[in-house]
Structure formats: C-alpha cells, structure tokens
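Written out below as structure tokens is the structure these notes cover.
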Amino acid sequence: MAFWLAAERTVQVEGVVSRFDPRFWTVNFPRPMMAAVTSSAADALRVDAVFYTSGDLAGLIWEAEDRFDHPLLRYETARDFRGCRLGFRWRSAGVLPLDAVNGPVLTIEGRDASGAARAWYVRLWNYATGSPADATVSLDFANLSGGFVLPDEADPVWAGDVDRMFVSLVPPGFDGGSAPLAAPVEAWVELTQIVCDGPGAVLAIGDVVVPEHGLQIASGYDDSYHLTPARLLRNALLLGYRGSIVHYLGMSHYLRLEANSGGFYASLAGGALNVAAAAWQRDFAERAKALGYDVIWSLSYELFDAHCWGDWKQRAWDGSPALTGWAPPSTLLSPAHEGAMGYLRAVAVAMIGIAVAAGLAPKFQVGEPWWWVTPDGRPCLYDDAAKRALGGNPIEIASVHTVTTASQRALLDAAGAVLAASTAALVAAVRAVAPTVETHVLVYLPTVLAGDAPEVQRANVPVGWAHPAFDVLQLEDYDFVVAGNVAGTARAVDAATARVGYAVADTHYFSGFVLRPDQTAQWREIEAAALAAQARGAAAAFVWALPQVLRDGFVHFQEAEDAVQAFDDVLFPLALGREAEVSPEFSTAIVTSAGGHEARNASWAEARTRYDVGPGLRSEADIATLLTFFRARMGPARGFRLRDPFDGSSGTTTPGARDQMLGTGDGVTVCFALVKRYGDAVRRITRPVVGSVRVGVGGVETAAFSLVAGGYVELDVAPAIGVAVTAGFLFDVPVRFAEDRLNVNRATFLAGTAASVPLIEVREDAV
C-alpha cells in the first residue's frame, strides 16, 4: 500500500495565486433557495440563484483560511487585507440592485485592532460608479468604512484580522421573513475584470502534482455545491486521479421546487434542474471534458424528504415513510409510482443532455435503486403504488430477518421485478436521447450477502438486472470495507456477479467512505479494498469520495512497477541441519550505577532471531541450490520464508483450535491477528502455513473463516461481545540474507568445514 494522510504542506511545491481568484470563492444559503458559483474566466465569476421566500439570502464568500482544498493544495491563510485593493465590474439581474435598501453588502467578519470579535457592513453602492445593476466597484481595505450613508454613518473597517467576507444577495421583496414569493425568482450576478493589487495581493498555494496512479474518483454535487467546479477538478487532477469521475447528482440541491400547502416540493415546472444546479453541471461537464475526464452521471432513487411528495415515498406496512439516517433525512422514491419515476426520467434526460452538449461520451449510472429496509428490518414495500403493483393486497413481511414462507419470497421476487422494470424504463429514457450511452447500475454488496437477511437480494438485486440489462455492474460495500472484512467483500463480489451474470472485467468497484473526521484509520482498509479490486480484474476502482479525500488529506500514490519487492512468498529451499544456529536477540540498554545497580531498558517488544543455515549444507547440489536462491533474492534485498524447526507451531507439533488467544468479540469485528504468546510477550505471526490454521469461537472449532494476507483470520460472522476467539497454526519466519555476499569454498566444504550463511528475521508491518 502507498498512501499518506497529509495534515499540512511542509516541503512540498508551492506556487502563487491572486487573492480573490474566481476559482476560490464559495456560496452559502438557507433552504429552500439554491445558488451556485462558477468561474467564467480567469478574472470573472458568476453566481446563479433561485429564490423561493421573502427571507432567502445567498452569500458570495471569500475565506481568509482555505478550509475546502486538500491540505497539500490549499492557499495560505492570510487574515490581513490592509495591503490590498479589490476592483471588479458588477452586473446583476433578479437581485436587489446596488442602491437599494438591503441591496448587496460586503459583510467583513473578524476582529478589531484590540482583538474583539466583530463585523462590519460595507454597502457596495458607496464604492461603486455606474448604474445600480452595472457598475465598477473599488475597495481599498486600508481605507474602507461600513454604514449605509457615508460619511454620516461611517464605521471604519480594521481589516487586519479577518476570518471571511461575503456579499449578500437577496430577491426583490426581501423582508427577512419566510413567506413564499409569488413565484420563484431566478437571478444571476457577474463579477468580471476582477483585479487585486497591492503588497497583499498574492498568496502562496500548494502546487503538488501526484503522479497518475490508476485509482479513479467519485464525487457528489450535494457535498460540493458551494465550490466552483474548477476548484473541485483542480484537486482531483493534481491528486493523480484520471479516467472517469463518477458524479453523483445528489438528492437535495438540484431540484426545482413549487410551493404547496406550506411546503416546497419537487417540480418539473420550467425544467428538471434549478438554474443554479444546471449552471454548475454545465461548467463541471465542460471543464471535465477539457481536462480529459469521462464523467459517469449518477442519479439516485433517494430524495430530500422535505421536498418529496407524500405519495412518491416508499412506505412500511404501517404507512411510515422510508427515511435514511441523515439529518435532515432523505427518503426513497417508490419504483412503482409513475409520477416519481417520470420525474427521475426527466432529470436523467436533462443531466445526460448536459454531458452530450459538453462533448462528453454519455455515461449514466442508476444509483441507489433499492427498496428501503428500516433499521429494525421492515421492508418499505407498502406505499399505495407499490401495493397496486404487487397485486393490490400484498402480505406483510414483518422483518426481512424472518422470511420463511414461499409467499414471502414470492413477494420479494415481485418487488424485484417492479424495481427492475423501473430501472429499465429509466435507461430507456436516457438511451432515447443518447443512443450510445454506457449504462451502469449500483449494487450494495452487503445486500447480496446479508447473513441475517439472505432473501433481501430477491428485491434489491433483481434477476431483471442480469447481463446485458446494463453495460457495467458497479459494486459498493462500505460496511465490509470499514470493518476490514476482506473475505466478506470477496464472497459478495462472487455472489453478485454470479447472480446477475457479469464478468469481473465488466464491473467497477467503489471503496469507501470515511464518514467522520475521527475515523481516518479507515483509509487503510479503503485503499486496500480498491487495490484488491484492481488485482481481481475490475475494470475500474473508485475512491468514494473526493470531499472526504480533501477533508482528511488522503494521498494515494503508485509505487514504481520495477521497484524491488520487499518479500517473495517462497520457502527457503534447504532443510536446516542439526548444527544450524538459531539465536533470538533483544536490544537492551543497560546502565550500571557507581554502586553496581542496573537500570535496564528494552528497546524491542519482541525478540529478533538470527540464523546460520550454513551447517545444513550437505552436498554440492545444496550449494548450487543455495547460490541460485541467493541470486534470485538479490542477496538481502528480498525476504523469504524460513521453516524454523525449533519454533514453528502455535503449540504442539499438531496445532489445535484453542492453542492461542487472539481476542474477544465485540459484535462488529471479524478480523483477528494471529499471535503466539510466550508468557507476557506476544509475537505477531505474519506468515502462517496455508492449510494449517484452525480457529475456535467460544471454545468451538469453526470452519467459517478465511485466512487473510499478513497473518489475519477473518470470520464470516462477527463474534458476540465477550466471546473468545482462538487459533492454532504452523508458521514460517520472514527472513532475509544478512549480507550482500555469500562465500562458499568448494575445497573447504569437501574438507568438512561448514560454510556460514547468516539470515536475519524481518519485521513486517502487522498493523
């Protein structure tokens, strides 16, 4: 593995960027309104927005501290703005003009000269020349004042310690309330001819270029709506991701809305995407094309619950809606509801239309197409549309964990057929406008191999998806990956491809993701799973997802193909003779006081063993074998296995399943490291002999496990809390030749003098 979690830039390459570079502005706003910022030129940006209520307000933001780029690619934190002057041309429509009450104000947040936190409100009209909708604005941060009327209400700005500044954009009729506007207001603002000069006008910025490494990247509009596409793609490119980007349109920020009964609901009035989302997707598509990326456009059956019509939602037997664990929650659209599915088809057509217009090869993923199962196991098959599609009065399945009858299985099969019909109609709608589209379907692997709910796959991996319903089968297994359940992934991949008949070469794999910043240790498993997918022949392995890569500083790099491998998994070809030497050693610092007392400090927790296998040479044929083996290992460059005749078993000559204690169950962990105990000392075993490992759970031997590289056993089912996990095994010692040269003299050998062939144990990464 080759990855790094970078916390900050230290010695890495830096470049420079102009402060207020259009690529690095962001937007923010409250629901239900939407806004997006795009960098329309090297010195220009554009904000597109749609307002729905009289209290909607969008902020166009510049932050003194870069919180969104990868740590190696961020611009420097610079809070003192007194040494720079900003100028730009302002043009706008659909927002209150520069001269209006509540018109555009630059809010500057930070601290005054005494260190007290405060904000200043700079009315842009006071620094503008031209008309209220088309003006040149000039701001000298060393000579700037807040206040509506100047100089009477002047509030001098001290711009020496600023956190952020933002320009407020509001619709006509803004009053700070929550009443719906008579109709949605679509608006835009352009800042062009942006110039920043003065001694504080230039910032350092990370300019690291990670070489292309073979992994690809997934991202999502819901997580990146506030950034410019140029900024997002810069990170992907410089971090070494090439090929395709899976772009998840999301479930909450692309919707057009209409007011109804005190709420706002998904609508196709005026188009499928709101103007902000449409502008962002167009810019993203054009820039991705220019950078040589393909884009796989992903559309989900998931929708923001507050904006979803009630009859579109999947529902449980008691009528409760399918709700995810997000806050605020999303819901799942019923595959049986024609209105919901017609809405998705319209969105998909609009999305692929953007791709085609940008010159991209059309690629489309049906994302998260499944029937929801509540945390307590209730399937959401009972919305009115679903009940009609399932015969009018489908039986109750109280829990997917207790599906035991033929009628219950038949209902799940029927639900799978409804789901497959809905995805087929979605693909057909896309193909009607893009006949050459490459189609993908996303399958969540724990659904396929749910040990406590094996029948769920009937509904959520329907046989109607069998090849060639889609061109590519895309597989995701978040739960298995973060639990380190490598064997679970392998079994689920095999089961999924077998169920729907896709060759491994026709699959993609999604590895991830790290939900919270305190879970960064999971990146090790995520990278390992992605590399394992490449090794088994998947057409592409995607890291899910770019926002988490940037947040946690994840850097993947590919080791050179011709680099010397640290270890060859081969056994030393000669048996150790009775005269071979075995010498365990420790590193201990001993300090003796003047009075003869000692203080001892052990530098190593485990012994490191040295061997001399020379006395085991019995013939000239042995010498020839040794020389060949030495050359193949490039001397000490490559390690290998050695069978230690004195210590090569977990217990007796024949291992038993209860020889060594590996750990205790917690109800989640399935992966346990092999160890051998010598009193209080614990030795990690990284090279067990294949076929020799026996495992016990709760004192009972089990065959429900897999042996994982590095000396781990992975159980099929996580042991319950407090249950002991034990194992017995034979093992080899990882060693290398101790010296760069090997001296064997034929004459002295024939005279009965033993050659010296020193080996030394290799410490392996056993994390």
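The values are calculated or read from the model by the stated rules, or taken from the named source; none is laboratory data. The model shown is predicted, which means the values in this text are computed figures rather than measured ones. In this analysis, Cβ positions are derived from the backbone assuming ideal geometry, glycine residues included, and neighbour counts consider all displayed protein chains.
Here are the numbers for this structure:
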read-out	value
Residue selected from the range 115-140 under the condition crowded, with 19+ Cβ neighbours inside 10 Å and β-branched (Val, Ile, Thr), by the criterion farthest from PRO104 (Cα to Cα)	VAL137
Among residues of the range 673-687, those that are part of a strand (DSSP E or B) and surrounded by 14 or more Cβ atoms within 10 Å (Cβ to Cβ), counted	6
Selection count where residues are part of a loop (DSSP other than H, G, I, E, B), crowded, with 18+ Cβ neighbours inside 10 Å and among the β-branched types (Val, Ile, Thr), scope the range 175-209	1
Residue check for ALA278: in contact with a Gly (Cβ under 8 Å, 6 or more places away or on another chain) and under 19 Å from ALA35 (Cα atoms)	yes
Strands (runs of 3 or more DSSP E) (entirely within the range 10-77) containing at least 3 residues that are small (Gly, Ala, Ser) and crowded, with 18+ Cβ neighbours inside 10 Å	34-41
Qualifying residue in the range 508-517 (condition: surrounded by fewer than 20 Cβ atoms within 10 Å (Cβ to Cβ) and part of a helix (DSSP H, G or I))	yes
Subset of the range 706-750 that is of a type in the set (Val, Ile, Thr) and part of a loop (DSSP other than H, G, I, E, B) - its residue that is modelled with the lowest pLDDT	VAL744
Index of the failed condition, ALA278 passing every other in (1) within 25 Å of PHE29 (Cβ to Cβ); (2) free of Cβ contacts under 8 Å to residues at least 60 places away in the same chain; (3) touching a helix residue (DSSP H, G or I) at 6+ places or on another chain (Cβ under 9 Å)	(2)
Close pairs (6 angstrom Cβ cut-off, 6 or more residues apart or separate chains): closer than 23 Å to PHE640 by Cα in the range 566-595, exposed (fewer than 12 other Cβ atoms within 10 Å of the Cβ) and at pLDDT 75 or above anywhere	VAL582/PHE646
Count of the range 245-287 residues which are surrounded by fewer than 22 Cβ atoms within 10 Å (Cβ to Cβ) and within 16 Å of PRO229 (Cβ to Cβ)	5
Some residue of the range 68-83 being under 17 Å from ALA276 (Cα atoms), modelled with pLDDT of 95 or more, assigned by TED's automatic domain parsing to the domain that holds ALA135 and not aliphatic (A, V, I, L, M)	no
Among (1) part of a loop (DSSP other than H, G, I, E, B); (2) within 23 Å of GLY464 (Cα to Cα); (3) among the hydrophobic types (A, V, I, L, M, F, W, C); (4) touching a Ser or Thr at 6+ places or on another chain (Cβ under 9 Å), the one test that ILE397 misses	(4)
Cβ-Cβ under 8 Å pairs, at least 6 apart or on other chains, the range 389-410 side over 12 Å from GLY377 (Cβ atoms), far side surrounded by 15 or more Cβ atoms within 10 Å (Cβ to Cβ) and of a type in the set (Asp, Glu)	GLN408/GLU455; ARG409/GLU455
Residues located in the range 587-633, provided they are loosely packed, with under 14 Cβ neighbours inside 10 Å and under 23 Å from VAL757 (Cβ atoms)	ARG618, SER619, GLU620, ALA621, ALA624, LEU627, THR628, ARG631, ALA632
Residue match in the range 339-356 (condition: surrounded by fewer than 19 Cβ atoms within 10 Å (Cβ to Cβ) and at positive phi)	no
Residue satisfying condition, being within 27 Å of ALA187 (Cβ to Cβ), more than 28 Å from the chain's Cα centre (by Cα) and part of a helix (DSSP H, G or I), within set ALA346, ALA285, ALA279	ALA346
Residue identified as in contact (Cβ under 8 Å) with a residue 12 or more places away in the chain and either assigned by TED's automatic domain parsing to the domain that holds GLY667 or assigned to a loop (DSSP other than H, G, I, E, B) (or both) among ALA538, ALA532	ALA538
Within the range 288-311, considering residues that are touching a strand residue (DSSP E or B) at 6+ places or on another chain (Cβ under 9 Å) and assigned to a helix (DSSP H, G or I), the one surrounded by the most Cβ atoms within 10 Å (Cβ to Cβ)	ALA288
Yes/no for ALA266 being in contact with an Asp or Glu (Cβ under 9 Å, 6 or more places away or on another chain), part of a strand (DSSP E or B) and of a type in the set (Gly, Ala, Ser)	yes
ALA340 part of a helix (DSSP H, G or I) and either touching a His at 6+ places or on another chain (Cβ under 9 Å) or at pLDDT below 95 (or both)	no
Selection status of ARG231, within 24 Å of VAL549 (Cα to Cα), touching a helix residue (DSSP H, G or I) at 6+ places or on another chain (Cβ under 9 Å) and either assigned by TED's automatic domain parsing to the domain that holds GLU302 or assigned to a strand (DSSP E or B) (or both)	yes
Those residues of the range 49-63 which are touching an Asp or Glu at 6+ places or on another chain (Cβ under 8 Å) and over 18 Å from HIS226 (Cβ atoms), in sequence order	SER54, GLY55
Total residues in the range 78-131, condition among the aliphatic types (A, V, I, L, M) and outside any strand (DSSP E or B)	9
Subset of the range 17-62 that is among the polar types (S, T, N, Q) and farther than 13 Å from TRP280 by Cβ - its residue that is nearest to the chain's Cα centre (by Cα)	ASN28
Residue among THR628, THR653 that is more than 39 Å from the chain's Cα centre (by Cα), assigned to a helix (DSSP H, G or I) and free of Cβ contacts under 8 Å to residues at least 24 places away in the same chain	THR628
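Rundown of residues vs (1) among the small types (Gly, Ala, Ser); (2) surrounded by 12 or more Cβ atoms within 10 Å (Cβ to Cβ); (3) under 18 Å from LEU60 (Cα atoms), yes/no style:
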{"site": "SER145", "(1), (2), (3)": "yes, yes, no"}
{"site": "PRO151", "(1), (2), (3)": "no, no, no"}
{"site": "ALA154", "(1), (2), (3)": "yes, yes, no"}
{"site": "MET165", "(1), (2), (3)": "no, yes, yes"}
